[in-house]
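Here's the structure, in structure tokens; my notes come after.
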Amino acid sequence: MNQYRSPAILAITLLISSFSVNASQELHRDAKGLVKQFGATLKPQLIQAMQQGGPVNAVDVCAIKAPEIARELSEQSGWNIRRVSLKNRNASAVADAWEQKVLKEFESQLAAGKPAKELERGELVDGEYRFMKAQVTTPLCLKCHGSNLAQPLHDKIKMNYPDDLALGYQAGEIRGAFSLSLKPVQP
Ligand code: HEC
């Protein structure tokens, strides 16, 4: 009897797996779009605040606006959206085991010559679709994540983030990543 059932099971398995490939592709696209939206909302605000009041002023954009954008996008989309790092500034940005693995993988890929903007990964992990996209350090980031921070800025950051690890970066290094997850609705 098993003999007869197995082709049917195989067909079903194939159907399910091809469905999941499509579903995964769709989720991957959605996650990428959300990251794009996150960056496109945050970056101009950061640049504007830097130009208007320098980095001391712009700290609030990173500290208040970035989590706000993440929250709004999460509410609109149903995805859980946050930023993580191997050397985090905000205590809530500690990478979990999967995120740590992916961040380390991004570092090796970058070292092997993969272009920074291609550093992304999406996969099903324990029934959730998870997606990460690396954020690479640019000269702009160094004002607040580099080595020689101006004194008032240094004080403000130390006061708000006494356990800050996100200093001493160089341009081109991976500062962290956007990390998204979604529990697909069960049929
Ligand atoms: C004006 C100062 C400032 C600049 C410029 C800045 N950051 Fe930040 N960054 C911060 C602060 C403050 C936080 C903590 C935000 C919070 O509380 O969620 C932060 C947090 C982060 C985080 C979240 C993970 C963590 O460590 O808490 C990432 C990722 C990040 N920054 C990347 C960047 C990148 C990439 C750039 C350049 C494009 C940049 N930052 C420029 C001040 C800055």
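Computed from the coordinates by the stated procedures, all read-outs in this text should not be read as laboratory data. What you see is a predicted model, and the numbers here were worked out from it, not measured in a lab. Cβ atoms come from the backbone with ideal geometry, glycine included; neighbour counts cover every protein chain shown.
Rounded to the nearest 500, the helix-only mean residue ellipticity at 222 nm of the chain stands at -19000 deg cm²/dmol, with each DSSP H run of n ≥ 4 adding -39,500 (n - 2.57).
Please report, ordered by residue number, every helix of the chain (full DSSP H runs) that is 20 Å or longer along its axis going by C-alpha atoms and whose mean Kyte-Doolittle hydropathy reaches -0.5.
On the way: long enough: 2-60 (74 Å, -0.02); 97-111 (21 Å, -0.59).
TM-like helix candidates: 2-60.
In a shell of Cβ-Cβ distance under 14 Å around Leu27, excluding Leu27 itself, what net charge do Lys and Arg (+1) and Asp and Glu (-1) give? So the surrounding residues net to +1.
Summary of the geometry: the range 18-52 and the range 94-108, compared by the centres of their Cα atoms, lie 19 Å apart.
Placing unit charges on each Cβ (+1 for Lys and Arg, -1 for Asp and Glu) gives the range 59-152 a dipole about its Cα centre, and among Leu103, His145, Ile64 the Cα reaching farthest toward its positive end belongs to His145.
How far, in nm, would the chain grow between Ile47 and Lys104 when pulled straight, counting 0.36 nm per residue and subtracting the alpha carbon separation?
Working: separation 57, 0.36 × 57 = 20.52 nm, distance 2.85 nm.
Here the answer is 17.7 nm.
Taking the Cβ of Tyr169 as the center, what net charge do the other residues with Cβ under 14 Å away carry, scoring Lys and Arg +1 and Asp and Glu -1? Local net charge: +1. For the range 2-182, a simple Cβ point-charge model (Lys and Arg +1, Asp and Glu -1, everything else neutral) yields a dipole of about 300 debye relative to the Cα centre. With springs only between Cα atoms under 10 Å, which of Ala70, Ala40, Ala177 fluctuates most in a Gaussian network model of the chain? Result: Ala40 has the largest fluctuation of those listed.
Mind running the shape call on the range 53-187? Use the C-alpha gyration tensor, a ≥ b ≥ c as the square roots of the eigenvalues: rounded below 1.5 for a/c, prolate if a/b tops b/c, oblate otherwise. If you can, show how the numbers build up before the last one.
Numbers: a/c = 2.26, a/b = 1.43, b/c = 1.58.
It comes out oblate by the Cα gyration axes.
Computed from label points 7 Å out along Cα-Cβ, the spacing between Thr138 and Ser24 is 3.2 nm.
Over the chain, what relative contact order in percent results from Cα pairs under 8 Å that are six or more residues apart? Present the calculation step by step, with values, prior to reporting the outcome.
On the way: 209 pairs, mean separation 45.3, N = 187.
Averaging sequence separation for qualifying contacts and normalising by length gives 24 percent for the chain.
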